[in-house]
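Everything on this sheet refers to the single structure shown next.
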Amino acid sequence: MSGEEDFLPDFYVIARILALIKNGVRKKRSLALMSGLNYHRFQRYLDYLVEKGLVKDDEEIALTPKGVELLAKLEELIREISSRENLFETKRR
């Protein structure tokens, strides 16, 4: 990814994307909409996740074992610092 050194990903967004994939969302458009990102921003995150070996982007998007492991760690961290029952609930404005 060109400009990767300038890309500082939000770990909460990464966790949200990985959790969506784990829960069966496999299409890019659906992932972008459900993650709350515009498509361009989502694609940047997806490229980053693929480069880091966390997801595979074939016909459908899937977690790698490394992605499953990272998601578990991020969920644990988020639970530690958040009071939310559902880690990835979003509130409509």
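Values in this text are rule-based calculations from the coordinates and carry no lab data. Fair warning: this is a prediction, and the values are worked out from it, not measured in the lab. Neighbour counts are summed over all protein chains in view; Cβ atoms, including those assigned to glycine, are modelled from backbone coordinates with ideal geometry.
One table, with the values for the structure above:
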quantity	calculated
Global geometry of segment 1-70, whether rounded, prolate or oblate, following the gyration tensor of its Cα atoms and the 1.5 cut on a/c	rounded
For peptides 39-46, 11-18, 75-82, sequence by mean Cβ density within 10 Å, most packed first	11-18, 39-46, 75-82
Hz values of 3J(HN,Hα) by residue in segment 51-64 - Karplus curve (6.51, -1.76, 1.60), Gly and Pro given as x	4, 7, x, 8, 9, 10, 10, 9, 5, 10, 7, 9, 6, 8
